[in-house]
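> Dropping the structure in here first, questions after.
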Amino acid sequence: MDMKTLLVTGASAGFGAATARRFAQAGWRVIAFARRAERLQQLTGEFGANMHIAAFDIRDANAMQMALDALPADFRAVDVLVNNAGLALGTAKAPQCDLAQWRQMIDTNVTALATLTHKLLPTLIERRGAIVNVSSISATYPYTGGNVYGGTKAFVTQFSLGLRCDLHGTGVRVTSVEPGMAETEFTLVRTGGDQEASDKLYHGSHPITGDDIAQTIWWIANLPPHLNVNRIEVMPVTQSFAGFQVARD
Ligand code: 8X3
């Protein structure tokens with residue numbers, strides 16, 4: 001069987017790094033995009049010639065194009081794109097939020113994701129490939145302090161479903177993966193490096209791990225080609241739903 005090729009963004013940590021490893025271990029060629037070169041180099045150290053890395057900020061469309069143009073010939077036929085790069089910044093209520101953080105989330109979670117997808121669509125159509133977009137339960141369930149983060153993830157989910165329509169008849173599969181509470185660098189990034197806040201959130205809660213989501217993406221990507229998982233919500237058993245709130249006079 002031909003070797004398949006995965007491109008995963010945000011590959012330096014969390015879901016992205018676990019996904020890069022999961023596919024590389026199974027013999028896929030993996031293209032790993034992320035900002036932190038030294039983290040990516042660990043992946044090359046582990047997997048050698050079947051791991052191609054490029055370190056750049058996903059928000060920089062020129063750098064993205066250069067990274068794609070620089071793909072070695074045997075990495076160009078991308079079969080699966082995993083749009084994982086994304087972040088939450090801040091937990092404040094909207095009036096107290098930093099506008100620069102809102103814009104950074106939109107630039108990363110929305111604009112960069114749409115840009116890379118647009119650039120790879122011709123290849124994915126040619127390969128009858130698959131797109132897996134990492135969304136979030138916050139796309140569906142609002143929570144206080146979720147504001148723009150949840151909004152960007154609602155975009156990711158709805159964009160995924162829209163792509164299903166537009167790619168009708170091409171054989172390309174599209175999935176929105178919507179994880180709940182996961183212990184990655186997510187909370188450290190969100191809180192500006194507050195290890196105590198991160199530890200407190202996850203303490204005793206058995207959160208989702210990077211490997212859990214890598215395993216989910218692996219399952220999705222390897223289903224028979226006539227099946228499409230449109231959306232999949234994944235939560236730790238310990239996480240569920242809370243009620244509405246009511247403000248009173
Ligand atoms: C991450 C999960 O619960 O913080 O997207 O929104 S949550």
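> Report the local net charge at D211: Lys and Arg +1, Asp and Glu -1, summed over other residues whose C-beta lies under 14 Å from its C-beta.
Working: positive: R21, R22; negative: E183, D212.
The answer is 0.
> Just to be sure I understand the rule: take each whole DSSP H helix in the chain, project its Cα atoms onto its long axis, keep it if the span is 27 Å or more and its mean Kyte-Doolittle hydropathy is at least 0.0. Which ones pass?
Working: long enough: 147-166 (28 Å, 0.11).
For the chain, where a helix must reach 27 Å along its axis and average at least 0.0, the hits are 147-166.
> Å³ per residue of the Cα convex hull, for the range 1-131? Numbers along the way, then the final one.
Values: hull volume 14.2 nm³, N = 131.
Hull volume normalised by residue count: 108 Å³.
> Still on this model: For the chain, what is the calculated [θ] at 222 nm in deg cm²/dmol (nearest 500), taking -39500 (n - 2.57) for each run of four or more DSSP H residues and dividing by its residue count? Walk me through the intermediate numbers first.
Details: 9 runs with 99 residues, N = 249.
Counting only the DSSP helices, I get -12000 deg cm²/dmol.
> Just how many pairs of Lys in the chain have C-alpha atoms closer than 25 Å, counting pairs that are eight or more places apart or on different chains? Write out the running numbers ahead of the final one.
Details: K4/K119; K93/K153; K93/K200; K119/K153; K153/K200.
Qualifying lysine pairs in the chain: 5.
> At a Förster distance of 35 Å, what's the computed FRET efficiency of D57 paired with A247, Cβ-Cβ distance as r, to 0.05?
Numbers: r = 40 Å, r/R0 = 1.16.
Taking R0 as 35 Å, the efficiency between D57 and A247 is 0.30.
> Still on this structure, please answer the following. Under the 0.36 nm per residue contour assumption, what length would be gained going from the current alpha-carbon distance of T170 and T140 to full extension?
On the way: separation 30, 0.36 × 30 = 10.80 nm, distance 2.80 nm.
This chain segment gains 8.0 nm when fully extended.
> In cubic angstrom, how much convex hull volume per residue do the alpha carbon atoms of the range 117-236 span? List each step's numbers first, then the result.
Details: hull volume 13.8 nm³, N = 120.
Spelled out: Cα convex hull of the range 117-236, divided by residues, is 115 Å³.
> Relative contact order, percent, of the chain when contacts are C-alpha pairs under 8 Å separated by at least 6 residues?
Numbers: 452 pairs, mean separation 48.8, N = 249.
Contact order relative to length: 20 percent.
> Send over the per residue convex hull volume for the chain, Cα only, as a whole number of Å³.
Working: hull volume 35.2 nm³, N = 249.
Looking at the chain, the number lands at 141 Å³ per residue.
> What nm value, rounded to one decimal, do you get for the distance between E126 and A114 when each label is placed 7 Å out toward the C-beta?
2.5
> Still on this structure, please answer the following. As a footprinting exposure proxy, order S138, S240 by other Cβ within 10 Å, with the fewest listed first. Each step should come with its number before you reach the end.
Numbers: S138 21, S240 8.
Lowest count first: S240, S138.
> Quick one: C165, C97, fewest Cβ neighbours within 10 Å first, how do they rank? Could the numbers behind the result be given before it?
Details: C165 8, C97 16.
Least to most surrounded, the residues fall as C165, C97.
> Listing M181, M3 from the residue with the fewest other Cβ atoms within 10 Å to the one with the most, what is the order?
Details: M181 17, M3 11.
Placing the least packed residue first, the sequence is M3, M181.
> Can I ask one more? Order these peptides, 16-27, 33-44, 216-227, by their mean beta-carbon neighbour count within 10 angstrom, highest first.
Working: 16-27: 22.1, 33-44: 17.1, 216-227: 14.8.
Put in order of decreasing packing, that is 16-27, 33-44, 216-227.
Read the figures in this text as sums done on the coordinates, not as results from a lab. As the structure is a computational prediction, the values presented were derived from the model and not from experiment. Neighbour counts run over all protein chains shown; Cβ positions are idealised from the backbone, glycine included.
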